[in-house]
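This report concerns only the one structure given below.
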Amino acid sequence: MQTALDGPTFELNQKMDGLSMDTIRIVILDNHTLVRAGLRYILESQPDLKVVGQVGNLNEALSLIASTRPDIFLLEFDPESGLSFDVIPAIKKAWNQVRMILVTGSNDRQTYLQAVQHGILGIVSKTQPPDVLIKAIRKVHGGEVWIEHSLIANIVNHSYQGQNATAADPETDGIGLLCEREREIIKYIGRGMKNKQIASQLCIAETTVRHHLTSIYSKLGVSDRVELLVFAHRHRLTQDLHNKS
């Protein structure tokens, strides 16, 4: 089960020849030629996905990102070939609006944790079927995050591995500041719901949801949805809603 998988299938609002306002533009970085070719074949089978470039090294990727300004950047983690998370600042400098998804064959918890800490908005295992990657791209492009529940568990467990379970946790101070409505919103965030969906569920305005999120980020000391998601799972703030499902 995935955190942001569930929900209605993406539908195109317009269909046009070539690129349209609904087309998601993608750059692929992987040092294996066959992997890049396979990803391109899979993605371009979809009418709303367009691979604007595929490269095998970082320098080429940075040049391509700067010139094409893609919506989504798919990358592999391979420190031996120079593809480590240390390159992410350079990627953001090339085009700061790009959203990054890690496509990985690694099962290492440290890799998942580093990905989240460096601003990766999606993590997809190479063992997953193609439709999972396609859904992940659409969700991340839509402003959501895509991290499987099993990966979140690994991230949470690793980030707190070795800590004294009885030690005081300063993060709980922030939790105590949350109002009931903010707690509700966090639970729906844990389900992968967008602001518009949350607003509809709670019968409030979408702008009100955004204001609540700003307050939540401030109280919990997180900066975005990814950090909030990890925080919420670590402190079981999504548990009640999931138990009702």
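Counting only residues that are at pLDDT below 80 and hydrophobic (A, V, I, L, M, F, W, C), which one in region 161-192 is nearest to VAL222 (Cα to Cα)?
Filtering region 161-192 for residues at pLDDT below 80 gives 161-173, 190-192.
Narrowing the set further to residues that are hydrophobic (A, V, I, L, M, F, W, C) leaves 165, 167-168.
Working: ALA165: 22, ALA167: 21, ALA168: 19 Å.
Checked region 161-192; the qualifying residue nearest to VAL222 (Cα to Cα) is ALA168.
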task: Just name the residue that is farthest from HIS118 (Cα to Cα) out of those in region 169-222 that are open to solvent by 80 Å² or more (accessible area, probe 1.4 Å) and among the small types (Gly, Ala, Ser).
output: SER200
field: Complete set of residues in region 196-211 that are without any contact (Cβ under 8 Å) to a residue 24 or more places away in the chain, not β-branched (Val, Ile, Thr) and not in a loop (DSSP other than H, G, I, E, B)
entry: LYS196, ALA199, SER200, GLN201, LEU202, GLU206, ARG210, HIS211
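Name the residue, out of VAL87, VAL103, that is within 19 Å of the chain's Cα centre (by Cα), open to solvent by less than 50 Å² (accessible area, probe 1.4 Å) and touching a residue at least 60 places away in the same chain (Cβ under 8 Å).
On the way: VAL87 fails: touching a residue at least 60 places away in the same chain (Cβ under 8 Å).
Of VAL87, VAL103, the one residue that is within 19 Å of the chain's Cα centre (by Cα), open to solvent by less than 50 Å² (accessible area, probe 1.4 Å) and touching a residue at least 60 places away in the same chain (Cβ under 8 Å) is VAL103.
Name the helices (runs of 4 or more DSSP H) wholly inside region 71-160 in which the number of residues that are modelled with pLDDT of 75 or more and among the acidic types (Asp, Glu) is 1 or more.
Numbers: elements: 88-94, 109-117, 130-141, 149-159.
Where helices (runs of 4 or more DSSP H) fall fully within region 71-160 and carry at least 1 residues being modelled with pLDDT of 75 or more and among the acidic types (Asp, Glu), they are 130-141.
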message: If ILE216 satisfies all but one of (1) touching a residue at least 24 places away in the same chain (Cβ under 8 Å); (2) assigned to a loop (DSSP other than H, G, I, E, B); (3) among the β-branched types (Val, Ile, Thr), what's the number of the condition it fails?
response: (2)
query: Here are some conditions: (1) touching a Leu at 6+ places or on another chain (Cβ under 9 Å); (2) at pLDDT 90 or above; (3) outside any helix (DSSP H, G or I). SER45 meets all but one. Which one does it not meet?
result: (1)
message: Checking the condition open to solvent by 60 Å² or more (accessible area, probe 1.4 Å) and either part of a helix (DSSP H, G or I) or modelled with pLDDT of 95 or more (or both), which residue from ARG40, ARG36 passes?
response: ARG40
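The values are calculated or read from the model by the stated rules, or taken from the named source; none is laboratory data. Small disclaimer: the values here were computed from a predicted structure and weren't measured. Note that we place each Cβ from the backbone using ideal geometry, even for glycine, and neighbour counts take in every protein chain shown. What goes into the accessible areas is simple: the full protein's heavy atoms, side chains included, and nothing from ligands, DNA or RNA. Shrake-Rupley method; radii C 1.70, N 1.55, O 1.52, S 1.80 Å.
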